[in-house]
1. Give the residue list of chymotrypsin sites (Phe, Trp or Tyr not before Pro) in the stretch B:305-394 that are DSSP loop and have at most 10 other beta-carbon atoms within 10 angstrom.
2. Can you figure out the FRET efficiency of B:Lys283 with B:Ala73, using R₀ = 51 Å and their beta-carbon distance, to the nearest 0.05?
3. Order by neighbour count: B:Leu112, B:Leu254, B:Leu55, fewest other Cβ atoms within 10 Å first, most last.
4. Using the Cα centre as the reference, give the magnitude of the dipole from point charges on the C-beta atoms of chain B (Lys, Arg: +1; Asp, Glu: -1; all else neutral), rounded to the nearest 20 debye.
5. Give me the one-decimal nm value for the distance between modelled label points at A:Lys260 and A:Gln318, 7 Å along each residue's Cα-to-Cβ direction.
6. In nanometres, what is the gap between the two model label sites at A:Thr152 and A:Lys47, each 7 Å from Cα along Cα-to-Cβ?
7. Calculate one ³J(HN,Hα) per residue across the stretch B:49-59 by plugging θ = phi - 60° into the Karplus curve 6.51 cos²θ - 1.76 cosθ + 1.60, and present them in order as whole Hz with x for glycine and proline.
8. Run the paramagnetic zone check for B:Asn327: 7 angstrom along Cα to Cβ, then residues of the stretch B:81-98 with backbone nitrogen under 12 Å.
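What follows draws every value from the coordinates through simple rules; no lab data is involved. Nothing here was measured: the structure is a model prediction, and the numbers come from that model. Cβ coordinates were reconstructed from backbone atoms using ideal geometry, including for glycine residues, and neighbour counts include every protein chain displayed.
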Amino acid sequence: MKNRRKSILAFTSFIVIFALLLNLFSMILIPKDNKMSKTIRGFYEEKKNSLDVLFLGDSSMYRSIIPAKLWKENGFTSYALGAPSVRTYALYYLLEEALKMQKPKVVVMEVNCAFNDHKYSMGNKRKIIDHMKLSMNKINMIQDAAFQFSLTDKISLLFPVFLYHNRYNEINAVDIAETFGSPMNDTKGFISSYKQKPYKGKTNYMRASSQAMFDANSKKYMDMIHDICKKNHIKLMLLKVPGAKEWNQSKKEAVELYAKERHLPYLDLNTNMEKNIDWRRDTNDSGVHLNIFGAEKVTMELSQYFRRHYRLKKTTDQEVITSFNKAYRLFNEKRKSYKRPVKTVTI
Amino acid sequence: MSLISLPFMLLVTASCVLYYLAPKQWRWCILLLANVIFYVAASQALIIFLIGSILSVYIGGLAINKQIKLQKATIKSLEKDQKKAYKAMMKKRKQLILIVVLAINIGILCYLKYYGFFAGNLNAINALLHVNVNIAVKKFVLPLGISYYTLMAISYMVDVYRGKYEASPQLGKVALYLSFFPQMTEGPISRFDQLADQLYAGNEFDIIKFKSGLYLILWGLFKKLVIADRAALYVNPVFSGMHGGFTAFLAVALYTLQIYAEFSGAMDIVRGIGYLFGVHMEKNFEQPFFSKSIAEFWRRWHRTLGTWLKDYVFYSISLSKMNMNLNRSVKKHMKGNFGRFILSAFPLFFVWFFNGFWHGASWKYIVYGLYYYLIMMMGLLLAPVFTKIKDTWHLHEQRKGYRLFCILRTVLIVFGGMLIFRAHSLDDALQMLLRIFTMQETDILAHGLTLVDFGILIWGLVLMFIIAGLKERRVNLFALFDQKSLLLRYGIILIIGVSIIVFGIYGHGYQASDFIYGEF
């Protein structure tokens, strides 16, 4: 009996060590040199319970909101936590993960992701999951049927070493140094573009109405996001940043109805700052995303909105202040160096 | 469904769990079900050919059984003169059944595998003779494992015919024997009397066999994914290009090691799976690179094919009337070494011809088989000269230096064989051989393998040869391993397991390589 217990214990320890080793090699071999990895990995490095506002959403969100500028203007701390083409079900798990480390007062969800109808590629799913730490939340995420992962996908998502093992030939100092912790993300999730590529479509895109439907699963997971926020006494706000290509009146109305039913604030900057956005200058890809000039306008608008609707106290934590001051300084330096656009395309 | 694919591993796991959960008398049904699932997944409708083989040997075997029983029952009541005639008649009957069944099985194999080869060669002959007949050269998709299960079907029929054992009255047993799923891809070419009872018995769970099975599978995966497929990263581009010198020589050497690591690795996986079900299967390799001669090499390399050729080609031809007549004539007219040479040369020619031809429908493979035949025949013919040289130079066979020389000589000859085997054509093989000696090329890091890869490859090869060396010294590795402390055992398993996952050549970024012997 004693021997049997010993064998079971040894075997269990063996399995645990094996899993830990796979996780270690996964951490070493995951590519860490892309912008998205910095967003997710950098989020873990934020000081515990230091963020006042958490922005969630797809690329239209993290290309439009500048947390460093919000800090400078309003004095509240925030982070733009998102991923390209992200779906609401991915945001739900991302929020669960975020709440392990942060207790934001407000969660702002950019709603473009509720209508994403193009393919949610494996690469884009991996841009979140690969960089999340191994935990029950990550396991639940991988298991969630909404993602439609095959068994092989699930194995390689749980232990990315199965996918990235061929990188053993290109391991560098960064891979080793960032295995147990990444440097802070000085952009706080914002990804900037200084390119200008004008939107050439109708300027009254919000008046052109067409059928708009929430994605399959969207409402379910938005409700789940709403539920966690309620449970954690976090104010949830819905936001739509300007987007000439992907947004329209019907989508706006659908979100309005959803927000009204759940008594959630909804700010649609497509109508609120319609005249403020110059679609010839403020987009980097013909109206899908905003560039730095558009992002600054959105951030200023949000800054005023937050001033009017939320009373967020400025932190007194010196470490957090230093971190956000540094983020603003770096942003400002980069912004100044790009004062005049490198290339202006005219219509 | 490759031996190293996830669906295959899941099939093994599921069938293993169900096997031990099922009542003993139904366990063979679980195996048969797993065989069907595996075969349908791999070859879909082509299972019809396997079913055809199973039914033909089952019915044929029973028919021979019936003749044997009838002969036994009748012969007692016959007079001495009648007995001889009756025996001859019964032998012819049995022969007829045997020929029909063999014709069905060999016919299917020849039609599917060799039709294109025969048609192409007949067209070439017609063109030479200016005969205006052109046969369409067709290529068929081969049912998985046809080269293996056909040889097993032949061995079953011939053994029943020779009276080695009785044909099985249980169709399930014959079906299990011919279709046991782990061995369908690369063999081994098992024998009915070694395998069938084990498959049909409903084995009890044996922890020692089970653990041995897991160790073998792990080691097989290491050899395939870490060593063989890494060597292939260098071998494939070099054989596809116009390389020479040391670069090409290394490709030949690495291909030899690749095919060994891959084929023996596959056999480890297959035998390991067998052990999970409590089934012991024949070894196909016995440290071939420790051989001191080519004959010894072939006793250690692909052993189940070698013994099959010995039992069913060599003996059949040796005992044929034509060979008997030749024997008598040679013994009468030729004495000494040359006589012995002639006596061996005739049946061995067929053995090596079939060895080559079995590997593929191409002249390249026939030449591959005959290359070894020529080497062996030369060795036999020149044996007195070699003995004289050894005596003159006082070379003692037991001396380490001489043994090492013999091993190196054998390895170099094997390299020659592997060059023919791997090259795209005979002409390519010859050109590459010439380039090895005439070109100066040493840039080994420019062909798919980095320095790190070479490091991993060398580490894998060293490990493989240490284990082979221990086996050569008759060390029982399983027993030795099990005697070690739990910590050491788990530590070794962790190192091998993690090495396979991290350094294995699989998945994204690599082209998955099929098993070379899975194509035959």
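1. B:Trp393
2. 0.80
3. Final ranking by Cβ density, sparse to dense: B:Leu55, B:Leu112, B:Leu254.
4. 2500 debye
5. That separation, rounded to one decimal, is 5.2 nm.
6. Taking the two extended label points, one gets 4.7 nm.
7. Result, rounded to whole Hz: 5, 5, 4, x, 5, 4, 5, 5, 6, 5, 5.
8. Counting only backbone N, you get no residues.
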